[in-house]
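The values are calculated or read from the model by the stated rules, or taken from the named source; none is laboratory data. Keep in mind it's a predicted model, so treat the numbers as computed, not measured. When we count neighbours, we look across all protein chains shown, and the Cβ atoms used for this are built from the backbone with ideal geometry, even at glycine. These area figures cover heavy atoms from the full protein model, side chains too; ligands, DNA and RNA do not enter into them. Shrake-Rupley method; radii C 1.70, N 1.55, O 1.52, S 1.80 Å.
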Amino acid sequence: MPHQMREECVRLPKIYDWVLTTSYSRSRLPVPEPFFTQLKNCLQSGMAISVSCLPPDDPCTCAPIRCHLHAPLHRTFHIVGGQRVPIAVARFIVEATVSVLFFADGDLLFELPVPLALEEQAAISLPPPLDLENISCRIAAAECRADSALLSQMGFIEIDAFACLEMVVEAQAVLQVMGRHCTPRSDSIPVPPRKLPLSCTPFRLPPNCPRLTAP
């Protein structure tokens, strides 16, 4: 007999806010010795120097990238439709390592890992008693660009790093819904017969093997 519809309570994750934002940073990196000496020798010989950057989420890199919150939260209110809505200004730190590739006449000279730190603030909906533990952050996409305009005169390269951050405020919630209890279905899907391997033989006790007997 089918179950009747009635009020049921379920517990499931509830999303209170879901924000997508971007973060950007520009950093100036000195090329360490002996790499800079190698670059100067290439420049003096008339070779063309070019620089490219692999973002931290590139499949050719194995460097970790992570996003984490920096406490404390700054709680305030935002007026939405004439009502005060509790929000929190969260500070996010993105730590990543990008790979900068140096080329001379199109041939790879060397590769330098460059650690980067990007900082971004975002206002998110965070009603009490939700706190830092209810906020998660991940890197949705990342990109970097390297500029070698200052390389020959000052020995620096400039790196522009971009990151797309996805922030979710989530917590367990108990909801009351209309539903009916589920019952397991019958085993009605046919299964092909299992085939034994050709080398399969019935199990036999080896000679002189003691047999267990009931007392």
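Probe radius 1.4 Å, ligands and nucleic acids ignored: give me the carbon and sulfur share of the accessible area of segment 119-167 as a rounded percent.
Carbon and sulfur atoms account for 48 percent of the accessible area of segment 119-167.
Sorting check: for 97-103, 27-33, which peptide has the highest mean count of neighbouring beta carbons within 10 Å, and how do the rest follow?
Ranking, from highest mean packing down: 97-103, 27-33.
Dividing the alpha-carbon radius of gyration of segment 6-141 by 2.2 N^0.38 Å (N being the number of residues), what value is obtained?
For segment 6-141, the normalised Cα radius of gyration is 1.59.
Which whole-Hz ³J(HN,Hα) couplings does segment 144-153 yield from phi under the Karplus relation 6.51 cos²θ - 1.76 cosθ + 1.60, θ = phi - 60°, glycine and proline marked x?
Once θ is set to phi - 60°, the couplings for segment 144-153 become 9, 9, 10, 10, 9, 5, 9, 6, 6, 8 Hz.
Answer with one residue from Leu101, Leu126, Phe36: the one whose Cα lies farthest towards the positive end of the charge dipole of segment 26-177, charges on Cβ with Lys, Arg +1 and Asp, Glu -1.
Value computed over the given set: Leu126.
What's the extension gain from Ala171 to Gln44 if we count 0.36 nm per residue and subtract their Cα-Cα distance?
Roughly 39.6 nm would be gained on extension.
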